[in-house]
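Read through the structure below, which is laid out as structure tokens, and then see the notes.
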Amino acid sequence: MPYQPSTPLLALMRKLAALPAAAASQRRISQAGIALIKRFEGCARLRSDGLVEAYPDPGTGGAPWTIGWGATGRDTFGGGMIGPGTCWTHAQCNARLEQDLTRFAAEVAAAIGTAPTTQAQFDALVSFHYNTGAIARATLTQRHIAGDHQGAAREFARWNRAGGRVLKGLVRRRAAEAELYSQ
């Protein structure tokens, strides 16, 4: 007798098959996911004039320089690269976060494809990718796609190093991401 999927599984398979192909790339991080990112990124280095100033990476003491809610790389407001002396308004920090989260969510959606994913799992994966940039190469992603959600949740803890050393902040962040992922 051929395998017959259970009724709930069959219903899920039909729903997934009915989704337009573009639906996966349109996934967005929820407010819970944004709150998690903001909790760990902080909008650090607020100056007395109200501007937010860039700071060096805590793991390396230098590059990549970070500003606002964890923005690195190009300075979309002042030109050039984010580095010493880069300053943004709080509104610019929020705008950059929104831009970055749209991009990171699309990259996560592309990496996981059509793998069944709850909103909490998606949020945790976006937070992980926002901090590491590693969604495409992480074993965590492979386990998620394979449906090994417990294994994927355990993988978060492996990403706790910066500059070759374990950072307490990364240990706490990965634990929070794993907790959100497992909800």
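Bear in mind that the values in this text are calculations on the coordinates, not laboratory data. Note that this is a predicted model, so its numbers are computed, not measured. Here the Cβ is made from the backbone with ideal geometry for all residues, glycine too, and neighbour counts use every protein chain on show.
Condition test on R174, is it basic (K, R), more than 24 Å from P58 (Cα to Cα) and in contact with a helix residue (DSSP H, G or I) (Cβ under 7 Å, 6 or more places away or on another chain)?
no
Just to confirm my filter: which helices (runs of 4 or more DSSP H) fall fully inside the stretch 62-160 and include at least 1 residues that are closer than 17 Å to Q26 by Cα and in contact (Cβ under 8 Å) with a residue 12 or more places away in the chain? Please lay out each step first, then the result.
On the way: elements: 90-112, 119-132, 139-145, 149-155.
In the stretch 62-160, the matching helices (runs of 4 or more DSSP H) lie at 90-112, 119-132.
In the stretch 161-183, how many are assigned to a strand (DSSP E or B) and not β-branched (V, I, T)?
So the answer is 3.
Looking only at residues in the stretch 33-71 that are surrounded by fewer than 16 Cβ atoms within 10 Å (Cβ to Cβ) and polar (S, T, N, Q), which one is nearest to F104 (Cα to Cα)?
T60
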